[in-house]
Amino acid sequence: MPSSTPRFLPLACSAHLLPLVFLLALSGCGKKEDEKKNAPATPALTVTVARPSSASLPLRLGANGNVAAWQEAIIGSESAGLRLLEVRVNVGDVVKKGEVLAVFSADTVNADVEQARAALQEAQANAAEATANARRGQVLKSSGAMSEQQVTQYFTAERTAQARVAAAKATLAQQNLRLKYTQVVAPDSGIISARSATVGAVVGVGTEMFRLIRQGRLEWRAEVVANDIGRIKPGTRVTVKAANGSEVNGKVRMIAPTVDAQTRTALVYVDLPPSLSSNAPLKAGMFAGGEFELGASDAMTVPQQAIAVRDGFSYVFRLNPDSRVSQLKVNTGRRLGERIEVVGGLAPDAQIVVQGAGFLNDGDLVRNVPATPAPASAPAAAPSKVAAR
């Protein structure tokens, strides 16, 4: 019978072929690694760059302090032992100078006024009689019908009567003044800030009834450290920020002549514009922050997009000639719109990444493209990653 051809190689032959197949596989892997090494690097991001620019930035000094009334008048009672009949104002009301705030019962005072007026009329009648007697005595003295002593008595009685008239007039004026004090009036225009008057109460002289913020004027008492006092002058413009975020412009009126020995701070009194509206952003007793405007100075600035904040520090990415970026730690300062001052860590002629800085790491390869201004109506697009090949 003819011999059949074997379908598989002998075991010995296959054992010799395995090393050859393994070597061929290793050779193919090596070629692929060499191809990857020789392939050009792919940029990680498309960015735009810019150089720092010089700008004039305002110098501001920040401070905190309390808002208080410029002057708070205490309105008290000038009548003693009278019952309070009517209270016409309440806290928050705007009043004008001379406006009646409260009224006391005037029945007793009116009776005293009438009594004083009657006493004056009586004194005036007695004075008229004494004057007539003195004139008659003067006539009789020349005729010798009346002695010198009697004539002197008539003149003395006349002067005494006139003195009693003056005393009666003073008493009447005093009672009229008491009648005037039965109406409590505002000593100045302003806002009622406190009220303790109660209808029906019998108060004594000097008892506080109202408090009035004169002319509605407030002031900001800023606490400034001793080292910065010399930078502030009377008339310096100030911006005070209210609790609701609104800003109020003021002006420095005066600087306290002493510095607190415990806190080493001095008070700077800032006049705020008067406001009689109940919706005013600043009210007495508020705690507010503000800034003193101290002029301007030149500064090196970069766009806000160029600053990357990481781990509490600020960084920029400088574009190197090999299209790779270097991460630089910088110190930032003032802010003006969309630009931030850099006070250290960056050369004035360095090219820094603007668009895409927040997506980079130190040493990344980037593609630099010219910056194109975005349309006013369309929002700026975020930088896109380039897919790695």
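For segment 353-368, the set of residues classified as in a strand (DSSP E or B) and more than 12 Å from Gln304 (Cα to Cα) consists of Leu365, Val366, Arg367, Asn368, listed by residue number. Residues of segment 301-335 that are without any contact (Cβ under 8 Å) to a residue 12 or more places away in the chain and among the small types (Gly, Ala, Ser): Gly312 alone. Residue check: Asp349 meets all listed conditions (1) surrounded by fewer than 12 Cβ atoms within 10 Å (Cβ to Cβ); (2) without any contact (Cβ under 8 Å) to a residue 40 or more places away in the chain; (3) more than 21 Å from Pro58 (Cα to Cα) but one, namely (2). Among residues that are among the hydroxyl-bearing types (Ser, Thr, Tyr) and either surrounded by fewer than 13 Cβ atoms within 10 Å (Cβ to Cβ) or farther than 30 Å from Ser77 by Cα (or both), Thr108 is not included. Just one of the listed residues (Val87, Val151, Val113) is buried (at least 16 other Cβ atoms within 10 Å of the Cβ), assigned by TED's automatic domain parsing to the domain that holds Ile192 and farther than 29 Å from Leu272 by Cβ, and it is Val87.
Among residues of segment 220-236 that are among the β-branched types (Val, Ile, Thr), none has a Cβ under 6 angstrom from a residue that is assigned to a helix (DSSP H, G or I) at a sequence gap of 6+ or on a separate chain.
Take the conditions buried (at least 18 other Cβ atoms within 10 Å of the Cβ), at pLDDT below 95 and not assigned by TED's automatic domain parsing to the domain that holds Val270 and apply them to Val49. Does it pass?
When the stated conditions are applied, Val49 passes them.
Reported count of residues in segment 287-321, each being touching a strand residue (DSSP E or B) at 6+ places or on another chain (Cβ under 8 Å), of a type in the set (Asp, Glu) and either within 14 Å of Gly345 (Cβ to Cβ) or loosely packed, with under 14 Cβ neighbours inside 10 Å (or both), is 1. The single residue among Arg339, Arg334 that is in contact with a Lys or Arg (Cβ under 9 Å, 6 or more places away or on another chain), closer than 16 Å to Pro58 by Cβ and charged (D, E, K, R) turns out to be Arg334.
Within segment 85-101, residues that are small (Gly, Ala, Ser) have Cβ atoms under 7 Å from residues that are surrounded by 14 or more Cβ atoms within 10 Å (Cβ to Cβ) in these pairs: Gly92/Ile191; Gly92/Ile192; Gly98/Val185; Gly98/Ala186, counting only partners at least 6 apart in sequence or on another chain.
Scanning segment 118-155 for residues that are of a type outside the set (A, V, I, L, M) and within 15 Å of Ala166 (Cβ to Cβ) gives Gln121, Glu122, Gln124, Asn126, Thr131. Note on segment 199-243: among residues that are basic (Lys, Arg) and more than 22 Å from Gln183 (Cβ to Cβ), the one that is nearest to the chain's Cα centre (by Cα) is Lys241. State the number of residues belonging to segment 47-88 that are touching an Asp or Glu at 6+ places or on another chain (Cβ under 7 Å), over 23 Å from Phe287 (Cα atoms) and not charged (D, E, K, R). The total comes to 6. When we screen Ala168, Ala186 for residues that are buried (at least 18 other Cβ atoms within 10 Å of the Cβ), in the same structural domain as Gly204 (by TED's automatic domain parsing) and touching a Leu at 6+ places or on another chain (Cβ under 7 Å), the only hit is Ala186. I'd like to verify a number: residues in segment 254-275 that are in contact (Cβ under 8 Å) with a residue 12 or more places away in the chain and surrounded by fewer than 14 Cβ atoms within 10 Å (Cβ to Cβ), how many? Selection size over segment 254-275: 4.
The values are calculated or read from the model by the stated rules, or taken from the named source; none is laboratory data. It should be emphasised that the depicted structure is a prediction, and the values quoted were computed from it without experimental measurement. Cβ atoms come from the backbone with ideal geometry, glycine included; neighbour counts cover every protein chain shown.
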